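Student: Can you keep this structure in mind? I'll have questions shortly.
The values are calculated or read from the model by the stated rules, or taken from the named source; none is laboratory data. In this text the structure is predicted, and so the values were computed from the model without any measurement. Backbone-built Cβ (ideal geometry, glycine too); neighbour counts: all protein chains shown. Calculation scope for accessible area: heavy atoms of the full protein, side chains included, ligands and nucleic acids excluded. Shrake-Rupley method; radii C 1.70, N 1.55, O 1.52, S 1.80 Å.
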Amino acid sequence: MTHNKKEIKRQIKERPNCKKRRSVASQEENADLDDVVFGRHAVTEALNAKRGNKLFLQEDLKSDRAEELKTLAASHAVAIKWVKKVKLDDMTNKENHQGIVLKITPYEYLELDELLAKTVNKNNRLFLILDSIMDPHNLGSIMRTADATGVDGIIIPKHRAVGITPVVVKTSTGAVEHVPVARVTNLVQTVKKMKKQNIWVFGTDMKGTDYRQWNVSGDIALVIGNEGKGMSQALTKEVDEMVTIPIVGHVQSLNASVAASLLMYEVLRKRI
C-alpha cells in the first residue's frame with residue numbers, strides 16, 4: 001500500500017495541534033475541578049459561607065447528614081441534584097467525596113494590604129508565610145491547625161505553590177472558610193513590608209533558636225519552607241531570627257505540616 005507524500009506531511013504537521021488540543025482540554029478539566037468542594041465538613045462550611053451554587057448528592061446516600069445538608073442547601077437557595085456515584089467520581093477526580101459534592105463560586109484571595117488592614121486592630125497577631133508548599137494535603141492540614149490555634153492569616157506565593165484546591169478544602173475540613181489567605185507575587189518583598197509594620201518575622205531551619213525558648217510576644221509572622229528544599233536563600237536573609245525544632249532521631253526534618261503545627265501550638269501555649 002502506498003501513501004501520498006503530501007498526505008503524510010499534512011498528518012505530521014497536525015500531530016502537535018492534536019497534542020495542544022488535548023492539553024487545553026486537560027487544563028479546562030482541571031479548571032472545572034477547582035469549582036467544587038466535597039466531603040461533609042467542607043461542603044457544610046462552604047454552604048454557610050454562602051459560596052454554594054449547586055449541591056450534588058449520591059443517589060443512594062440515605063442518612064441524617066444528607067438530610068442536614070439538604071436543609072442547609074435549601075436555606076441558602078442552593079439547588080440539589082441526586083446523581084450516581086460515577087458522576088461524583090468524575091467531578092472530584094475520584095477523591096474521597098463521601099457522596100457529597102458542591103459546585104461553588106471561586107475562592108477569593110486577599111491582597112497583602114487587605115489582610116493586614118483586616119487584622120490591624122488586633123494585638124499579638126500571628127501570620128503564616130508558606131514558602132512554596134506544593135502538597136495540597138500539607139496546605140489543608142496547616143490551614144486546619146491554623147484555624148484551631150487562632151492564626152490571623154496565611155500568605156502564599158502566586159507561583160510555584162499550591163493554592164486553594166478541592167483537596168485543600170477537604171483536608172482542612174472547611175477551615176479555609178475561616179482563615180483568610182493572601183496571595184502575593186514576591187515573598188521577599190512581602191517580608192520587607194511586614195517588617196516595616198513592626199511585625200517580627202521568624203524562619204524555620206535545622207539551626208536556630210530552640211522553639212521552646214522562642215519569644216512570641218507582639219505581632220509575628222512564621223515562615224514554613226518548601227517540603228523538600230526548605231526556605232529559599234533570599235527569604236532566609238530577610239527574616240529576623242531562625243527557629244528550630246530539635247530532632248534526636250535519624251530523620252533530618254519533619255513534615256512541613258507537622259512542623260507548622262508544633263510551632264503554631266507553641267505560640268498558642270505561650271499566649272494563653
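Student: Exactly one of these conditions fails for LYS122: (1) farther than 23 Å from SER172 by Cα; (2) touching a residue at least 60 places away in the same chain (Cβ under 8 Å). Give me its number.
Tutor: Status for LYS122: all satisfied but (2).
Here is a yes/no grid of residues against (1) touching a residue at least 24 places away in the same chain (Cβ under 8 Å); (2) charged (D, E, K, R); (3) part of a helix (DSSP H, G or I):
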| residue | (1), (2), (3) |
| --- | --- |
| ASP90 | no, yes, yes |
| ASN96 | yes, no, no |
| GLU108 | no, yes, no |
| HIS137 | yes, no, yes |
| ARG144 | yes, yes, yes |
| ILE155 | yes, no, no |
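Student: So is LYS192 surrounded by fewer than 19 Cβ atoms within 10 Å (Cβ to Cβ), among the basic types (Lys, Arg) and under 24 Å from the mean Cα position of the chain (by Cα) or not? Walk me through it before giving the result.
Tutor: Values: surrounded by fewer than 19 Cβ atoms within 10 Å (Cβ to Cβ): yes; among the basic types (Lys, Arg): yes; under 24 Å from the mean Cα position of the chain (by Cα): yes.
In short, yes.
Yes/no per residue for (1) surrounded by fewer than 16 Cβ atoms within 10 Å (Cβ to Cβ); (2) assigned by the TED database to the domain that holds VAL162; (3) modelled with pLDDT of 95 or more:
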residue	(1), (2), (3)
GLY174	no, yes, no
VAL181	no, yes, yes
TRP200	no, yes, yes
ASN226	no, yes, no
VAL243	no, yes, yes
PRO246	yes, yes, no
GLY249	yes, yes, no
ASN255	yes, yes, no
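Student: With respect to the numbered conditions (1) within 23 Å of GLU45 (Cα to Cα); (2) in the same structural domain as GLN58 (by the TED database); (3) at pLDDT 90 or above, which one is the sole condition not fulfilled by ASN93?
Tutor: (3)
A quick yes/no check of all residues on (1) touching a helix residue (DSSP H, G or I) at 6+ places or on another chain (Cβ under 7 Å); (2) under 22 Å from TYR109 (Cα atoms); (3) modelled with pLDDT under 50:
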position: LYS20; (1), (2), (3): no, no, yes
position: VAL36; (1), (2), (3): yes, yes, no
position: LEU55; (1), (2), (3): yes, no, no
position: ILE80; (1), (2), (3): yes, no, no
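Student: If a residue has to be out of contact with any strand residue (DSSP E or B) (no Cβ under 8 Å at 6 or more places or on another chain) and of a type in the set (A, V, I, L, M) to count, how many in region 57-110 make the cut?
Tutor: Number satisfying all stated conditions: 3.
Student: Looking at the structure I just gave you, is ASP131 surrounded by fewer than 21 Cβ atoms within 10 Å (Cβ to Cβ), closer than 13 Å to ALA256 by Cβ, assigned by the TED database to the domain that holds GLN197 and among the acidic types (Asp, Glu)? Show your work before the answer.
Tutor: Numbers: surrounded by fewer than 21 Cβ atoms within 10 Å (Cβ to Cβ): no; closer than 13 Å to ALA256 by Cβ: yes; assigned by the TED database to the domain that holds GLN197: yes; among the acidic types (Asp, Glu): yes.
The answer is no for ASP131.
Student: What is the one condition in (1) open to solvent by 10 Å² or more (accessible area, probe 1.4 Å); (2) among the β-branched types (Val, Ile, Thr); (3) touching a residue at least 60 places away in the same chain (Cβ under 8 Å); (4) assigned to a loop (DSSP other than H, G, I, E, B) that VAL162 does not satisfy?
Tutor: (3)
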